[in-house]
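Read the figures in this text as sums done on the coordinates, not as results from a lab. Since the structure is predicted, the reported quantities are computational estimates derived from the model, not experimental observations. Cβ placement follows ideal geometry from the backbone for every residue including glycine, while neighbour counts extend to all protein chains displayed.
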Amino acid sequence: IANWGVTQPTNAAANGLMYYYKDFATQKIRLIVLDCIYWDDAQLTWFESVLASAKTNNYAVIGVCHYPIGNTTTIDCNFLSKDYNPTAGARLANPIAAVDSFISGGGEFICWLSGHTHADGFGTITGHNGQINLIIDTACSGSSSAQDADATIGARSQDCFNILGFDVYSKLIKVMRVGRDYDRHLRHIGEMCYDYANKQLMYTR
């Protein structure tokens, strides 16, 4: 990951661990990626320090993890698949507690981004309303996929990607689906806009 323009602690780089962060200076956003497969105390200490420096430098934070962090209390919208399992997550309490502390200390947390489920999910971490879980579907990778859509391998129905926008001025999360934008129930999955400051769904289609 040396060419990605990210900042990674020496011990992670030396041991092939995938946790790091990347700052987007113009937007004042810090993207923090966690390695939930090899979670340990050293990573937690690093995560807490990176959150603290983000607050000092007035950076809003987006957390990223392969697995959804914790259980999700879902919010009804077009980016909530009927196949999404709200209890499918890494269930790592320490990152959740660290973000709670960051928020209570005046830090701005936008959301958690994750995948793994091969189904769209959206909501707050159960018991932690300041932490949004945004789980976004991807292109179908095999016949065992749990996606809430009929996808044929090698056909256009397999294609799926998403454009995510984060507006720190208006405090909005924006999602746009490109490709497989209807589920098997003919429900359209197109766009969503969520006000993360006021915890309000603004638009979904």
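At-a-glance table
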quantity: Other-chain or far-sequence residues with amide H under 5 Å of Asn78's (modelled H); calculated: Arg205
quantity: Between 0 and 90°, nearest 10: helix 41-56 axis offset from the chain longest Cα axis; calculated: 80
quantity: Relative contact order %, the chain, counting alpha carbon pairs below 8 Å whose residues are six or more apart; calculated: 15
quantity: Lysines with Cα under 18 Å of Lys174, excluding same-chain neighbours fewer than 8 positions away; calculated: Lys28, Lys199
quantity: Unit charges on C-beta of K, R, D, E only; dipole of the chain, Debye; calculated: 320
quantity: Size of electric dipole in the stretch 2-98: Cβ of Lys, Arg +1 and of Asp, Glu -1, about Cα centre, debye, nearest 20; calculated: 240
quantity: Cα-based helix-to-principal-axis angle, 93-104 vs the chain, degrees rounded to 10; calculated: 70
quantity: In sequence order, calculated HN-Hα J values of the stretch 21-37 (Karplus, 6.51, -1.76, 1.60; Hz; x Gly/Pro); calculated: 9, 9, 9, 10, 5, 5, 8, 6, 10, 10, 9, 10, 9, 9, 9, 6, 6
quantity: Calculated [θ] (222 nm, deg cm²/dmol) that DSSP helices of n ≥ 4 give over the chain, each run adding -39,500 (n - 2.57); calculated: -5000 deg cm²/dmol
quantity: Most to least packed among 182-191, 63-72 [average Cβ atoms within 10 Å]; calculated: 63-72, 182-191
quantity: Cubic angstrom per residue, convex hull over Cα atoms of the chain; calculated: 128
quantity: 5 angstrom amide H check on Gln131, placed H, neighbours 5+ away; calculated: Ile125
quantity: Residue (of Gly106, His66, His185) at the positive-pole extreme of the stretch 38-186, dipole from beta-carbon charges; calculated: His185
quantity: Summed side-chain charge close to Asn11 - residues other than Asn11 whose Cβ falls under 14 Å, Lys, Arg +1, Asp, Glu -1; calculated: -3
